[in-house]
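Here the structure is laid out as structure tokens; the discussion comes afterwards.
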């Protein structure tokens, strides 16, 4: 099994609480990663120093959206180009010492944990999401929401009459269109509950399955219901249902127009 955390083009820090905040926009998340990376850069690679640095960083973290999901202050940028994220206390990042016990979890937990997507996503699906997203921020939002991935791919398949496979996303126009469909997850209104897919925060922070009450809204069930549920398209979520419904349709149409014809060579970029 290839871990979903570090893929060929993407990396994910969702299990470290990367998105567990009211403002999970790309600029806000990147700014927090910047702050942690700068703060830890000059810290001596000792348990005492890292534990104190982690304590100071944790005190400045925003309130979590889900209290039951921990936010680890040791998650940051692994490269100067800010293209990959990971644990700055991992031996691969420190150059030797394993300092993961200083964070929100401990080294044993970090070493053994695999998010539910590892059990649900087939390697073909994981590779497809990696190739399409190829991005620190969007990849984590998408790969951790298996119902959204499958609802999006199923909707495209219904449009084109064929199963979407890894080879199809080598065609640049289709890959771009599918990325825009996936990027519904990255373009939600600030504070949207759609961050956590088909669930919303319940009392005490526990996830509660979401459904759209179309009757109360005075309209019929959308043909895109499975996708809309995953992006939190109801009035309580902060998103506009009609606007999102139309946007989903437009992005699906683009996927249909650009889907590679049988036997056509990919227009790779």
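The values are calculated or read from the model by the stated rules, or taken from the named source; none is laboratory data. Quick caveat, the model's predicted, so the values are computed rather than measured. Neighbour counts run over all protein chains shown; Cβ positions are idealised from the backbone, glycine included.
Just to be sure before I move on: is residue 82 surrounded by fewer than 18 Cβ atoms within 10 Å (Cβ to Cβ), assigned by TED's automatic domain parsing to the domain that holds residue 48 and not in a loop (DSSP other than H, G, I, E, B) in the structure I sent? For residue 82, the condition - surrounded by fewer than 18 Cβ atoms within 10 Å (Cβ to Cβ), assigned by TED's automatic domain parsing to the domain that holds residue 48 and not in a loop (DSSP other than H, G, I, E, B) - is not met.
Being outside the structural domain of residue 97 (by TED's automatic domain parsing) and buried (at least 18 other Cβ atoms within 10 Å of the Cβ) is a property that holds for residue 4. Based on this model, can you work out whether residue 101 counts as surrounded by 15 or more Cβ atoms within 10 Å (Cβ to Cβ) and within 28 Å of residue 72 (Cα to Cα)? Here the answer is yes, as residue 101 does meet what is asked.
Given 31, 49, 54, 39, which one is within 20 Å of residue 185 (Cα to Cα) and either at pLDDT 95 or above or not in a helix (DSSP H, G or I) (or both)? Result: 31 is the single residue among 31, 49, 54, 39 that is within 20 Å of residue 185 (Cα to Cα) and either at pLDDT 95 or above or not in a helix (DSSP H, G or I) (or both).
Which of the residues that make up the stretch 118-135 are modelled with pLDDT under 95 and buried (at least 20 other Cβ atoms within 10 Å of the Cβ)? Correct list: 121, 135.
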